[in-house]
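Undergrad: Below is the structure I would like to discuss, written out as structure tokens.
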Amino acid sequence: MGMRETIDQLRETLEQELNKTDSKQALENLRVRILGKKGELTALLRGMGTLPPEERPAAGQLINTAREKFTAMLEARQDAVRMMERAAALQAETIDVTEPVPPLPLGSAHPVNLVMNEMIDCFTGMGFEVVEGPEVELDHFNFELMNIPKNHPARDAQDTFYVDDNIVLRTHTSPIQARTMLSRKPPIRVVCPGRVFRADEADATHSPVFHQMEGLVVDKDVTMADLRGTLNAFAERIYGKGITTRFRPSFFPFTEPSTEVDLTCAACHGKGCRVCKGTGWIEVLGGGMVNPHVLEMCGIDPTVYSGFAFGIGLERIAMQRYGIPDLRLLYEGDVRFLGQFR
């Protein structure tokens, strides 16, 4: 059999095999069998040494032409196989969008965020503006402008996380009040919600990270009566009609006079129950009139302006509102617990 007949027969064999090949691996095996180093066409090329010298150029040209044609046939089939595999993959991945599926579980707002948003609505409804500040704070704003200088005993009660001697994780949101008074002129009416940090051991009533919302009003002729009226409006909005406040003397370096504020127990409306331990009152916040020295340090004339401030622990409000017995439940991330607040 001559060289041309052998190549024609090899081409027919390749065409038949290509028509049956339907995968990339089978196609590669066929390419190696025909065109590889030990392939059938390569064997013809190596066998040219047995031909008479005058026949070798024509035979070499036939083999090279066949190699180009066979390569083109393999590449064409490779494209066809790739399209077939792609079509099969698309078919396998087809989704029936009309098929009913179980509904995805919905998340829910965290109880602290629920309380925070409700309180923000309450105070903005009374004309307060919401302001925020950095959680990593300068000692100057966190303590000194709040009338708590170096070595003041009140610093011991704060259990502060220090970054260095002059930088702390804020222990309250009061630095936002200082920044506001330094950057604005009265009248000022703001609330400052946010995370705060203290070096407490985590237990049922304490956490090293918790949330506060502090309020500040500075204007002419502001009195303790204005503080009480504001907090009475807050109590009725959060807990309902008939809830009132009770002020007890206290001490805070940044307010003078200072007060602890109790609210009528929302569970028994003052009659006495297990929640309020029979007293009819629940302690919820602290406040007082802004210390004149604080106003003066923040560039506000205390002979012209006065003000009041208050601070509320949001976790405490959330625990009372939803009957949560342990503060740690708020931060364990248990979806069974959080799912109750949808």
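Undergrad: Using +1 at the Cβ of each Lys and Arg and -1 at the Cβ of each Asp and Glu in the chain, identify which of 186, 257, 133 lies farthest towards the dipole's positive end.
TA: Of the candidates, 133 comes out farthest on the positive side.
Undergrad: Here is a follow-up. If you take the charge dipole of the chain about its Cα centre, with +1 on Lys and Arg Cβ and -1 on Asp and Glu Cβ, which of 290, 91, 109 is farthest toward its positive end?
TA: Result: 91.
Undergrad: Using a simple charge model, +1 on the beta-carbon of Lys and Arg, -1 on the beta-carbon of Asp and Glu, nothing else, what dipole does region 86-228 show about its Cα centre, in debye to the nearest 20?
TA: Dipole size: approximately 500 debye.
Undergrad: Additional query: Compute the Cα gyration tensor for region 24-156, then decide on rounded, prolate or oblate, letting a ≥ b ≥ c be the square roots of its eigenvalues: rounded whenever a/c is under 1.5, prolate when a/b is larger than b/c in the other cases, and oblate in all that remain.
TA: In terms of gyration-tensor shape, prolate.
Undergrad: If we count every other residue with Cβ under 13 angstrom of residue 175's Cβ, Lys/Arg +1 and Asp/Glu -1, where does the sum land?
TA: Net charge around residue 175: -3.
Undergrad: Note the direction-averaged projected area, equal to a quarter of the hull surface, for the Cα convex hull of region 242-342, in nm².
TA: 9.2
Undergrad: Once phi is turned into θ = phi - 60°, what whole-Hz ³J(HN,Hα) does the Karplus curve with 6.51, -1.76 and 1.60 give for every residue of region 244-261, x standing for Gly and Pro?
TA: 3J(HN,Hα) across region 244-261, in whole Hz: 10, 10, 9, 9, 10, x, 8, 9, 9, x, 9, 10, 7, x, 10, 8, 8, 10.
Undergrad: Which loop-located trypsin sites (Lys or Arg not before Pro) does region 131-182 contain, where loop means any DSSP state but H, G, I, E or B and the Cβ has at most 10 other Cβ atoms within 10 Å?
TA: Of the trypsin sites (Lys or Arg not before Pro), the ones in loops of region 131-182 whose Cβ has at most 10 other Cβ atoms within 10 Å are 150.
Undergrad: Explain nothing, just the number: dipole magnitude of the chain about its Cα centre with +1 on each Lys and Arg Cβ and -1 on each Asp and Glu Cβ, in debye rounded to the nearest 20.
TA: The dipole magnitude comes to about 520 debye.
Undergrad: Among 214, 129, 201, which comes first, second and so on when ranked by fewest other beta-carbon atoms within 10 Å?
TA: Placing the least packed residue first, the sequence is 201, 129, 214.
Undergrad: Give the shape of region 143-252 as rounded, prolate or oblate, defined through the alpha-carbon gyration tensor: a ≥ b ≥ c are the square roots of its eigenvalues, a/c under 1.5 means rounded, and otherwise the shape is prolate if a/b is larger than b/c and oblate if not.
TA: oblate
Undergrad: Take each of the peptides 312-320, 95-103, average the number of other beta-carbon atoms within 10 Å over its residues, and list them starting from the highest.
TA: The packing order, highest mean first, is 312-320, 95-103.
Undergrad: Lysine pairs, Cα distance under 24 Å, 8 or more residues apart or cross-chain: how many in the chain?
TA: Close lysine pairs found across the chain: 11.
Undergrad: If Lys and Arg each add +1 and Asp and Glu each add -1, what is the summed charge of the other residues whose beta carbon sits under 15 Å from the beta carbon of residue 310?
TA: Net local charge, residue 310 excluded: 0.
Undergrad: Collect residues whose amide H, placed 1.01 Å from N in the peptide plane, falls under 5 Å from the amide H of residue 222; neighbours closer than 5 in sequence don't count.
TA: Those lying under 5 Å, H to H, from residue 222 are 306.
Undergrad: Taking square-rooted eigenvalues a ≥ b ≥ c of the alpha carbon gyration tensor, is region 35-76 rounded, prolate or oblate, where a/c under 1.5 means rounded and, failing that, a/b exceeding b/c means prolate?
TA: oblate
Undergrad: More than 17 angstrom separation, counting every C-alpha pair in region 284-342; what % is that?
TA: 57
Undergrad: Let me ask you something else. Please report, largest first and rounded to whole Å, the three semi-axes of the ellipsoid equivalent to region 3-92, where each semi-axis is the square root of five times an eigenvalue of the C-alpha gyration tensor.
TA: 32, 11, 9
Undergrad: Okay, moving on. Per-residue HN-Hα couplings for region 71-85, Karplus 6.51 cos²θ - 1.76 cosθ + 1.60 at θ = phi - 60°, whole Hz, x for Gly and Pro?
TA: For region 71-85, the Karplus-derived couplings read 4, 5, 5, 5, 5, 4, 5, 4, 4, 5, 5, 4, 5, 5, 5 Hz, x marking Gly and Pro.
Undergrad: Which residues' amide hydrogens lie under 5 Å from the amide hydrogen of residue 290, considering only partners 5 or more residues apart or on another chain, with H built in the peptide plane?
TA: Under 5 Å from the amide H of residue 290 lie the amide H atoms of 256, 307, 308, 309, each far enough along the sequence or on another chain.
Undergrad: Turning to a different aspect of this structure: Residue 163 to residue 101: FRET efficiency via 1/(1 + (r/R0)^6), r the Cβ-Cβ distance, R0 45 Å, to the nearest 0.05?
TA: It comes to 0.35.
Undergrad: Report the gain in length on full extension from residue 144 to residue 8: 0.36 nm times residue separation, minus Cα-Cα distance, nm rounded to one decimal.
TA: Contour length minus the Cα-Cα distance gives 39.2 nm.
Undergrad: Per-residue HN-Hα couplings for region 115-132, Karplus 6.51 cos²θ - 1.76 cosθ + 1.60 at θ = phi - 60°, whole Hz, x for Gly and Pro?
TA: 3J(HN,Hα) across region 115-132, in whole Hz: 5, 4, 5, 5, 5, 4, 4, 4, 6, 5, x, 9, x, 7, 10, 8, 10, 10.
Undergrad: Using modelled amide H (1.01 Å from N, peptide plane; none on Pro or chain starts), what sits under 5 Å from the amide H of residue 160, excluding residues fewer than 5 places away?
TA: So residue 160 has HN proximity to 199.
Undergrad: Now for a separate question. Using 0.36 nm per residue of separation minus the Cα-Cα distance, give me the extension gain between residue 45 and residue 86 in nm, one decimal.
TA: Additional length available on full extension: 11.1 nm.
Bear in mind that the values in this text are calculations on the coordinates, not laboratory data. Fair warning: this is a prediction, and the values are worked out from it, not measured in the lab. As a convention, Cβ positions derive from the backbone with ideal geometry for all residues, glycine included, and neighbour counts pool all protein chains shown.
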